[in-house]
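The values are calculated or read from the model by the stated rules, or taken from the named source; none is laboratory data. All values derive from a computational prediction rather than experimental measurement. Here the Cβ is made from the backbone with ideal geometry for all residues, glycine too, and neighbour counts use every protein chain on show. Accessible surface is based on the protein model in full, side chains and every heavy atom, while ligands, DNA and RNA are left aside. Shrake-Rupley method; radii C 1.70, N 1.55, O 1.52, S 1.80 Å.
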Amino acid sequence: MFYNPFEATKNDLAGLFNEMYYETHAPRKENIYCKRCKTTLLDFLETGFVGCSSCYQTFLNDAKSFAFDVHGMGGHVGKAPKREATKAVKMRELENLIKEKEKALRIEDYDRAKELKRLIDNLKEELK
Amino acid sequence: MMDVNSVVISSRIRLARSLKNYVFPSCLVGEEGYKVIKEVADVVTNLDGEYKVFTMERLPALDAEVMQEKHLISSNLLNNKASGAVILSDDETISIMVNEEDHIRAQCFMKGLSLGVAYETLNKIDDALIENLDIAYDDTLGFLNSCITNVGTGMRASVMLFLPALTLSNQMNSVINNLSNQRLTVRGVFGEGSEAQGYLYQVSNARSLGVTEKDIINKVIQSTLKLCELELEARKLLVQNNDVELKDRVFRAWGVLTNAYTLSADEFMKCAGEVKIGIALGFIKLKDNSLIDKLLFDALPSSLTQLAGQEVLGEKEEKMFRAKFISTTLKSARIK
């Protein structure tokens, strides 16, 4: 892949800025804990264990980085519960419809955009 | 054709699942543990086939230890008297541990290299559990479990392998390194690392996220077949270069197993490994070659105590009973 030093520098700077922002604005890791089971983020990062499924929501970003460190990059691609699989398919369908609607608006096909909006609203209702 | 069965003893698939509505087993208190057992047992006992539910609280200590020796339950579950339970199929090929490290640890055991069949069997039970229970799941992290090492598919596919020639030719350390580079874990079935007793090793996947169940099974199968090839090649070389020493080793061990007056579990395991080499290479013929694999588990302390029809066996009595049991069984099974 082509290596662009300017792009890399830009990314490094963005990373540094994010880190500085996180350090000054985000809650300190010591203070983050799961309200349901009281497991702290530090406990989780030290042991790899959580106390309940809600911990994964509370520590979501850290849990994802930790999981990718342990297993390698890449989210779940295995079996999914049927209701979750249906939800995931509908989410993808929603994304496609939104893109299609944007395209219809760009080419000023307002009838198509109106029809797509109706489909999007229906799908959003189903996903609630 | 490659004789895979002289290397691969058994296959096991394990799926870890957790319930959304309960805190994980390490945090469960009071009646919650029983509620989890009831929810899981209600689903499993309504499936086709016969299943029995045993709570650790009520299971007699010896029965629990025998289950642990047979790898049907873990020591972690055995020690969870407060809320641990196991649901076993009649033929003991399916074991579902409840409130072990995770709410559900479902396992399927099969003889030989049968990971695909084991998964198919367990997957049907898993479908029923997912359909009927509120299982914790996230689109990116997959099935959510107590430990980050078990998210994603929550699956471990493992095979138990008999690798005497690779061990005797000092190749196990490089095999273990090679497999760990491929994110596979190797450990002794009885004992650790390259010093595994009875030359028995367990190989399993380390990665459970970012891969499909099929990927995991294929990877373990491919690596197992490669290990079989290496082991069989190493056996050929051993016979070519050390035929006399090898036969001496096998028949000395046979002599101990069929003549000793007392036999410790350790000594039995060591000798059984040597005799198994003799069976694999055709020096010793038994009516049923898998008998020695069964004995490996039957001769463990608690299983042996149960076989003797006793509640407890003293150390000396245990060694004497083991020696007699092994000697009688092997002598009557041998084809001259």
Practice task
Search the range A:85-103 for residues that are under 11 Å from A:Leu123 (Cα atoms) and pair each with any residue that is open to solvent by less than 70 Å² (accessible area, probe 1.4 Å) and of a type in the set (A, V, I, L, M, F, W, C) when their beta-carbon atoms are under 6 Å apart and the residues are at least 6 apart or on different chains.
Solution key: A:Lys90/A:Leu127; A:Leu94/A:Leu123; A:Leu97/A:Leu116; A:Leu97/A:Leu119; A:Leu97/A:Ile120
Problem - Meets criteria (assigned to a helix (DSSP H, G or I), touching a Ser or Thr at 6+ places or on another chain (Cβ under 8 Å) and either under 26 Å from B:Ser174 (Cβ atoms) or open to solvent by 80 Å² or more (accessible area, probe 1.4 Å) (or both)) for B:Lys324 - result: no
Practice task
Take the residues in the range A:39-57 that are more than 8 Å from chain B (Cβ to nearest Cβ) and within 14 Å of B:Tyr22 (Cα to Cα), then tell me which one is least open to solvent (accessible area, probe 1.4 Å).
Solution key: A:Cys55
Practice task
Can you confirm whether the range B:173-181 contains a residue that is open to solvent by 10 Å² or more (accessible area, probe 1.4 Å), more than 21 Å from A:Phe49 (Cα to Cα) and within 14 Å of chain A (Cβ to nearest Cβ)?
Solution key: yes
Practice task
Please indicate, with yes or no, whether at least one residue in the range B:215-231 is surrounded by 15 or more Cβ atoms within 10 Å (Cβ to Cβ) and under 30 Å from A:Thr39 (Cβ atoms).
Solution key: yes
Problem - Yes/no for A:Lys90 being within 14 Å of chain B (Cβ to nearest Cβ), modelled with pLDDT under 95 and surrounded by 10 or more Cβ atoms within 10 Å (Cβ to Cβ) - result: yes
Practice task
Select from the range B:76-97 the residues that are over 15 Å from B:Gly33 (Cα atoms), open to solvent by less than 30 Å² (accessible area, probe 1.4 Å) and not hydrophobic (A, V, I, L, M, F, W, C) and write down the one among them that is farthest from the chain's Cα centre (by Cα).
Solution key: B:Ser89
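Table: residues versus (1) of a type in the set (Val, Ile, Thr); (2) touching an Asp or Glu at 6+ places or on another chain (Cβ under 7 Å); (3) more than 14 Å from every other protein chain (Cβ to nearest Cβ).
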site	(1), (2), (3)
B:Ser11	no, no, yes
B:Ala16	no, yes, no
B:Leu19	no, yes, no
B:Ser26	no, no, no
B:Lys81	no, yes, yes
B:Glu92	no, no, yes
Fill in the blank from the handout: Apart from one, (1) among the acidic types (Asp, Glu); (2) touching a strand residue (DSSP E or B) at 6+ places or on another chain (Cβ under 7 Å); (3) away from chain B (no Cβ under 14 Å) all hold for A:Glu84; the odd one out is (3)
Exercise for the section: Name the single residue, out of those in the range B:124-155 being part of a loop (DSSP other than H, G, I, E, B) and open to solvent by 30 Å² or more (accessible area, probe 1.4 Å), that is farthest from the other protein chains (Cβ to nearest Cβ). Expected result: B:Asp134
Practice task
Just give me the residues in the range B:1-44 being open to solvent by less than 60 Å² (accessible area, probe 1.4 Å) and assigned to a helix (DSSP H, G or I), in sequence order.
Solution key: B:Val4, B:Ser6, B:Pro25, B:Cys27, B:Glu32, B:Gly33, B:Val36, B:Ile37, B:Val40, B:Ala41, B:Val43, B:Val44
Problem - Filter result for B:Asp288 (more than 20 Å from B:Ile335 (Cα to Cα) and either of a type outside the set (Phe, Trp, Tyr) or at pLDDT 95 or above (or both)) - result: no
Problem - Residue identified as among the polar types (S, T, N, Q), open to solvent by less than 80 Å² (accessible area, probe 1.4 Å) and assigned to a helix (DSSP H, G or I) among B:Thr262, B:Thr305 - result: B:Thr305
Problem - Test: residue in the range B:235-256 that is open to solvent by less than 10 Å² (accessible area, probe 1.4 Å) and either in a loop (DSSP other than H, G, I, E, B) or touching a residue at least 60 places away in the same chain (Cβ under 8 Å) (or both) - result: no
